[in-house]
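Asks: What follows is a structure written as C-alpha cells; I'll ask about it next.
The values are calculated or read from the model by the stated rules, or taken from the named source; none is laboratory data. If you're wondering where the values come from, they're calculated on a predicted model, not measured in any experiment. Neighbour counts are summed over all protein chains in view; Cβ atoms, including those assigned to glycine, are modelled from backbone coordinates with ideal geometry. Please note that ligands, DNA and RNA were not included when accessible areas were found on the heavy atoms of the full protein model with its side chains. Shrake-Rupley method; radii C 1.70, N 1.55, O 1.52, S 1.80 Å.
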Amino acid sequence: MIYLKNAQQLALMRKSGALLYEVLCRLREAIKPGMSTAELDVYAEQLIRKHKAIPSFLDYQGYPATICASVNDEVVHGIPSDKTILKEGDVLSIDCGLILDGWQSDSAFTVGVGAISEENRKLIEVTEESFYKGVRKAVNGNHLGDIGSAIQTYAESFGYGVIRDLTGHGIGRAMHEEPSVPNFGKPGHGTRLRPGMTLAVEPMIAMGDYHVAELEDGWTIVTEDGSVCSHYEHTIAINEHGLPELLTYPGFALTEEAE
Ligand code: MF3
Ligand code: CO
C-alpha cells in the first residue's frame with residue numbers, strides 16, 4: 001500500500017531532507033585522496049547524531065555502517081572500510097539516509113576523487129541529468145513509467161547501461177515503502193502519481209552493461225563487466241501543488257525543459 005503524506009507530514013519530511021542535504025554537503029567537502037571510506041562513515045554518523053537524528057542504514061537488515069561508499073565498479077552498498085583508501089581518479093558514490101522525528105530521507109551522489117577521466121566525468125554528469133529528466137515527469141496524473149522511461153531513454157542515448165536489479169522506492173516513516181521506482185519503463189505505464197507521494201528516485205548507471213553481481217560480503221553490488229558505475233538519488237515529493245519537489249535538495253527549483 002502506498003502511504004500518501006498530508007501537508008503536515010510533508011513538512012516533517014522536508015526537515016528530514018534538509019538535514020540530510022547538509023550532511024551530504026559536508027561529506028562531499030571532506031572527500032580527499034588518501035582518506036579511507038571508514039573515515040567518511042565516522043564523520044557522517046557524527047553529523048547525523050549531532051542533529052539528534054538517527055542513521056537509517058546502520059543495522060538495517062544487519063548493514064554495518066551509516067553510509068554506503070561504492071568505488072568505481074561498485075554500484076551500491078559498498079561497506080566503508082579503513083582498508084579502502086581513496087585515490088586520485090576514483091569514482092566514489094556516497095549514499096546516506098537518516099531519520100528525523102520519525103521521518104526518513106535517503107540521498108546519494110557520485111564524485112571524482114581529485115582529477116578524474118573525461119569519460120568518468122561524463123558518466124557522472126549524465127547520471128545526474130537522467131535523474132532530473134525523470135523527476136520532471138513526477139507530476140500529478142503522470143505514471144511511474146514516465147519517470148523510468150525518461151531516465152532510461154536519456155542514459156541509453158549515451159550507450160550506458162541502466163541497472164535493472166535495483167530500483168528506487170517509496171519512503172516515509174519507513175526507508176522502503178511501496179511503490180518500487182524502476183529507472184526504466186514505458187510512458188503511461190505503472191502506478192499513477194498523486195500529490196502526497198514521496199519517492200526515492202535513484203538512477204544507477206553503468207559505463208558498460210547493466211548486469212550486476214553481489215560480492216561475498218553479502219552487500220556490495222558490482223557491475224559484472226567491471227565497468228564504472230554512477231549513482232544519484234534524492235528523496236522527492238509530489239507536493240500539494242501536484243509538482244515534484246526535491247526534499248533532500250532544499251531550495252532547488254526544477255526548470256522547465258524545451259522538449
Ligand atoms: N539508499 C539505499 C536504498 O535506497 C539503502 C541502502 S541499504 C542499507 O535502498 F542497507 F545500506 F541501508
Ligand atoms: Co534509496
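Asks: Conditions first: (1) touching a residue at least 40 places away in the same chain (Cβ under 8 Å); (2) farther than 15 Å from residue 197 by Cβ; (3) of a type outside the set (Phe, Trp, Tyr). Residue 153 passes all but one, so which condition is the exception?
Replies: The number of the failed condition is (1).
Asks: Does region 105-117 contain at least one residue that is under 26 Å from residue 214 (Cβ atoms), surrounded by 15 or more Cβ atoms within 10 Å (Cβ to Cβ) and without any contact (Cβ under 8 Å) to a residue 24 or more places away in the chain?
Replies: Yes, because at least one residue in region 105-117 is under 26 Å from residue 214 (Cβ atoms), surrounded by 15 or more Cβ atoms within 10 Å (Cβ to Cβ) and without any contact (Cβ under 8 Å) to a residue 24 or more places away in the chain.
Asks: OK, next. Modelled with pLDDT of 95 or more and out of contact with any helix residue (DSSP H, G or I) (no Cβ under 6 Å at 6 or more places or on another chain): is that true of residue 254 in this structure?
Replies: Against the criterion (modelled with pLDDT of 95 or more and out of contact with any helix residue (DSSP H, G or I) (no Cβ under 6 Å at 6 or more places or on another chain)), residue 254 does not qualify.
Asks: Could you check region 35-74 and list, in sequence order, the residues that are surrounded by fewer than 16 Cβ atoms within 10 Å (Cβ to Cβ), on the phi > 0 side of the Ramachandran plot and part of a loop (DSSP other than H, G, I, E, B)?
Replies: Those that are surrounded by fewer than 16 Cβ atoms within 10 Å (Cβ to Cβ), on the phi > 0 side of the Ramachandran plot and part of a loop (DSSP other than H, G, I, E, B): 52, 59.
Asks: Then there is this: Taking region 75-88, which residues are open to solvent by 10 Å² or more (accessible area, probe 1.4 Å) and not acidic (Asp, Glu)?
Replies: Just the residues of region 75-88 that are open to solvent by 10 Å² or more (accessible area, probe 1.4 Å), to begin with: 77, 79-85, 87-88.
77, 79, 80, 81, 83, 84, 85, 87 - these are the residues of region 75-88 that are open to solvent by 10 Å² or more (accessible area, probe 1.4 Å) and not acidic (Asp, Glu).
Asks: Yes or no: region 184-200 includes at least one residue that is crowded, with 21+ Cβ neighbours inside 10 Å, within 20 Å of residue 96 (Cα to Cα) and out of contact with any Lys or Arg (no Cβ under 7 Å at 6 or more places or on another chain).
Replies: yes
Asks: Applying the selection to region 229-256, what residues are farther than 10 Å from residue 201 by Cβ and within 15 Å of ligand 1 (Cβ to nearest atom)?
Replies: The answer is 229, 230, 231, 247, 248.
Asks: Output the number of residues of region 61-97 satisfying the condition of being more than 17 Å from the chain's Cα centre (by Cα) and more than 11 Å from ligand 1 (Cβ to nearest atom).
Replies: Qualifying residue count for the region: 10.
Asks: Hey, another quick one. Filter region 158-183 down to the residues that are touching a Ser or Thr at 6+ places or on another chain (Cβ under 7 Å) and open to solvent by 30 Å² or more (accessible area, probe 1.4 Å) and list them by number.
Replies: Listed by number, the residues that qualify are 167, 180, 182.
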